[in-house]
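The values are calculated or read from the model by the stated rules, or taken from the named source; none is laboratory data. Computed from a prediction, not measured in an experiment: that's the story for all the values here. All Cβ positions, glycine included, derive from the backbone under ideal geometry; neighbour counts span all protein chains shown. We work out accessible area using only protein heavy atoms, side chains counted, and drop any ligands, DNA or RNA first. Shrake-Rupley method; radii C 1.70, N 1.55, O 1.52, S 1.80 Å.
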Amino acid sequence: MPKDLLVPLQYSDADAAALDAAAALANAHGARVAVLAAIALPMPVASEWGMAVLSLNQADFDALRATAAAAGEAARERLQRAGVEAELRVVESLLQWPEETAALHARHADLAILGRSETGRFPIAFSALLLDSGRPVLVMPEGAKLMVPPRRVVLAWQPRREAARAIHDALPLLPRDARVDVLVVDPEVGEAAHGDAPGANIAAHLARHGFQVQVVTQSREGRSTGAVIVDYATARHAELIVMGGYGHSRWREQVLGGATRAVLAQSGLPVLFAH
């Protein structure tokens with residue numbers, strides 16, 4: 001069961017969904033929540049005169065610190081009102097980005113919970129948090145609510161390490177009578193791909209854990225894989241999507257697009273990613 005949860009603040013309305021999800025999980029599992037208010041101080045830049053910090057005076061630095069501290073304190077109070085043991089970490093760094101700070105703190109937690117604004121923008125980069133922390137990341141779209149425990153789950157299955165890691169990271173959060181749809185999009189049949197019966201092996205494995213499992217095959221039909229996942233999960237009234245993140249290289253996902261990027265941008269449901 002999760003005992004340590006991390007919420008890196010985005011300093012946006014999306015933080016509310018992340019904090020409420022953290023409170024629900026903490027109350028269900030007796031977990032502790034750490035709120036991370038990361039302060040990105042101006043990075044030194046190189047010039048012909050050496051290293052120089054972008055021009056900010058002391059008042060600007062104080063304003064950055066005050067904004068982070070106020071947001072962090074408000075988040076901690078929100079959690080405490082929900083009956084959750086909460087810790088506030090206000091961390092400032094000159095030589096690393098906020099997402100690097102978040103990844104470092106996530107390594108000491110069971111799960112990181114990140115809010116996503118309606119614009120889809122992450123002040124703390126999701127990709128760096130997921131790829132560098134070694135921990136799963138639960139993304140909560142603004143206005144979304146996490147059902148605890150989630151009983152209707154869609155597993156976006158690919159026979160890859162990332163997807164296997166995602167479903168096993170999700171197991172402690174799921175009740176044993178949960179309904180899990182193993183969603184396979186345009187499977188490639190073959191010994192190096194999905195096998196002769198795409199999704200059957202992982203479905204049998206999950207059934208042995210007690211879940212009610214069905215395998216569903218969907219065709220893209222001109223849509224992206226990410227759109228198929230979101231459309232199916234929405235139509236099924238799923239409470240959680242579970243999937244591997246960045247099965248392809250991050251460069252390929254960012255330049256050419258990919259399922260991770262599409263689900264991040266389009267899903268109105270909570271998504272548990274793992275890498």
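A few points about this structure:
- Across the protein chains, with a 1.4 Å probe defining accessible surface, the residues Phe273, Phe61 rank Phe61, Phe273 from largest area downward.
- Using alpha-carbon coordinates, inclination of helix 225-235 to the longest axis of the chain, degrees: 80
- Ranked by the mean number of other Cβ atoms within 10 Å per residue, highest first, peptides 235-246, 203-214 order as 235-246, 203-214.
- Where the Cα pairs of the chain fall when distances are cut into 10 Å bins, in %: 7, 29, 33, 20, 9, 3, 0
- Here the Kirkwood formula, the inverse mean of 1/r across different C-alpha pairs, assigns region 94-241 a hydrodynamic radius of 16.7 Å.
- Using a simple spin-label model with pseudo-atoms 7 Å out from Cα toward Cβ, Ala197 and Asp62 lie 7.0 nm apart.
- The angle separating the long axis of helix 161-170 from the principal Cα axis of greatest extent in the chain is about 80 degrees.
- Calculated FRET efficiency for the pair Ser93/Arg151, C-beta based, R₀ 35 Å, to 0.05: 0.30
- Placing unit charges on the Cβ atoms of the charged side chains and taking the dipole of the chain about its Cα centre, the candidate lying farthest along the positive direction among Ala200, Ala144, Thr217 is Ala200.
- Computed over the alpha carbons of region 108-179, Rg followed by Dmax gives 13.2, 37 Å.
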